[in-house]
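The values are calculated or read from the model by the stated rules, or taken from the named source; none is laboratory data. On a predicted model such as this, the values are computed, not experimentally measured, just so you know. Counting neighbours? That spans all protein chains shown, and the Cβs are built from the backbone with ideal geometry, glycine included.
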């Protein structure tokens, strides 16, 4: 049994969980600052383009997001079943398949040519808290971003954020942290890219950081990025893939300035 599989099976040393982790109009500012979840779910800003003038405008935004969450859920349940199958039947095959196809690492991508894991790892969670947080942010921010930029651009943003996160993780592990076999999973890179783009679209929308401290979304997202940068530079990531978070945020930033800003 190789090192990666032993790492997965041991609950004492879980694989690195990478990627763990809206301006209101004048009338809305007259009301109290909403809670984070209320803000995410109730604030549906008008799109810069009507649905009649954009491809796939007939598709309900939340159905798209729910579809992504459903895929995340299927992968999460498969991870749990793989662990249970190992414990009950001593069958490693499903767990081995999941580690080879739904985790991303330098060794896996570069040495074993499993380039698809740059994307598939973004749908992969085997920790319940990680799964819930990422999907909560996706459910909260996703419809807002999709409503602004449309489905084709949203799909592009999703892909570049996922791949950007994975690339940042594997290059960080290879050239800075010197642990090229350390794998990563999770949609945090996607959520970081999504929240960063929304922060550029509506920078002064108020949110409650940690449900307590009110601040503009651009400040909140910037604080998270700064914290991740500090953790990555000082080798204090722990089991949170700060380098991947930064990669996702950078992908969202580049996508906004290169693809979105000029058409608004």
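With (1) out of contact with any strand residue (DSSP E or B) (no Cβ under 8 Å at 6 or more places or on another chain); (2) modelled with pLDDT under 95; (3) over 15 Å from residue 121 (Cα atoms) as the list, and residue 181 as the residue in question, which single condition is left unmet?
Residue 181 satisfies every listed condition except (3).
All but one of (1) farther than 24 Å from residue 253 by Cβ; (2) buried (at least 24 other Cβ atoms within 10 Å of the Cβ) hold for residue 127, so report the exception by its number.
Among (1) farther than 24 Å from residue 253 by Cβ; (2) buried (at least 24 other Cβ atoms within 10 Å of the Cβ), the lone unmet condition for residue 127 is (2).
Kindly provide the set of residues from the range 194-209 that are within 20 Å of the chain's Cα centre (by Cα) and in a loop (DSSP other than H, G, I, E, B), ordered by number.
202, 203 - these are the residues of the range 194-209 that are within 20 Å of the chain's Cα centre (by Cα) and in a loop (DSSP other than H, G, I, E, B).
Please give the number of the condition residue 114 fails out of (1) out of contact with any helix residue (DSSP H, G or I) (no Cβ under 7 Å at 6 or more places or on another chain); (2) in a loop (DSSP other than H, G, I, E, B); (3) buried (at least 17 other Cβ atoms within 10 Å of the Cβ); (4) at pLDDT 95 or above.
The failed condition is (1).
Can you tell me which residue among 152, 143 is surrounded by fewer than 20 Cβ atoms within 10 Å (Cβ to Cβ) and in a helix (DSSP H, G or I)?
Exactly one residue qualifies, and that residue is 152.
Being surrounded by 24 or more Cβ atoms within 10 Å (Cβ to Cβ) and under 23 Å from residue 140 (Cβ atoms), is that true of even one residue in the range 212-219?
There is at least one residue in the range 212-219 that is surrounded by 24 or more Cβ atoms within 10 Å (Cβ to Cβ) and under 23 Å from residue 140 (Cβ atoms).
Assess whether residue 122 counts as being in a helix (DSSP H, G or I), modelled with pLDDT of 95 or more and over 20 Å from residue 70 (Cα atoms).
Against the criterion (in a helix (DSSP H, G or I), modelled with pLDDT of 95 or more and over 20 Å from residue 70 (Cα atoms)), residue 122 does not qualify.
In the range 90-111, how many are part of a helix (DSSP H, G or I) and farther than 17 Å from residue 126 by Cβ?
5
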